[in-house]
Amino acid sequence: MSEHKAKILWTHSTGDFLKGTYSREHAWAFDGGMTVPASSSPAAVRIPFSNPANIDPEEAFVASLSSCHMLTYLFIASRKGFEISSYEDEAVGLMTKNDRGILWVSSVVLHPRITYSGVKTPTSEEEDQMHHAAHEQCFIANSVKTDVRVESTSDGN
């Protein structure tokens, strides 16, 4: 078992809090020393009360799913003897309303583009099997009810 922590820091700096005209900009601080500027999404809270340059929770959620899938896929591929020189993903999360009318990230589609190097390259079937295994073993994917799909594109040697 392991524990993973994040410290969220927000201070009221401008605007009228009770009227909702306050800044949603805040920071995420992690135990390794990294601090990331965050904000609500402009899709949820209009500018200037949100900052589109900062990471929003929905983007971070999509990135977490993509990153976890990638890390698990890299591990599986290495154990099967497939050498990967690059992995790129343009993951997309879709927000819809659930059956109670509440917005949620209902699906995330991963679009990994993987470049293999070395003498051994997986077949399409082997690659699909590795993506399936990566999804099944991904800690984050196992922690959410969002539908996560993989639509991969790979380059050979």
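Each value in this text was obtained by applying a stated rule to the coordinates, not by laboratory testing. All figures in this text were calculated on a predicted structure; none of them were measured in a lab. As a convention, Cβ positions derive from the backbone with ideal geometry for all residues, glycine included, and neighbour counts pool all protein chains shown.
Of note:
- Counting DSSP beta bridges with both ends in the chain, the antiparallel % (nearest 5): 70 percent
- Within the stretch 98-147, the percentage of alpha carbon pairs spaced more than 15 angstrom apart rounds to 62%.
- For the chain: lysine pairs under 25 Å (alpha-carbon distance), excluding those fewer than 8 apart on one chain: 4
- Helix 124-137 axis, angle to the chain major axis (alpha carbon atoms, nearest 10°): 40 degrees
- Counting beta carbons within 10 Å around each of 12, 131 and listing the fewest first gives the order 12, 131.
- Mean separation of Cα contacts under 8 Å, 6 or more apart, over the residue count of the stretch 1-55: relative contact order %: 28 percent
- q = 0.23 Å⁻¹: log10 I(q)/I(0) that the Debye formula gives for the stretch 1-55, counting C-alpha atoms only: -0.87
- For the chain, the alpha-carbon coordinates run over 62, 40, 32 Å along the three principal axes, in decreasing order.
- One Cα centroid belongs to the stretch 20-90, the other to the stretch 99-122; the line between them spans 14 Å.
- Within the chain, helix-based [θ] at 222 nm, where runs of 4 or more DSSP H residues each add -39,500 (n - 2.57), nearest 500: -8000 deg cm²/dmol
- Counted residue by residue at 0.36 nm each, then reduced by the alpha carbon distance between them, the extension gain from residue 144 to residue 95 reaches 16.2 nm.
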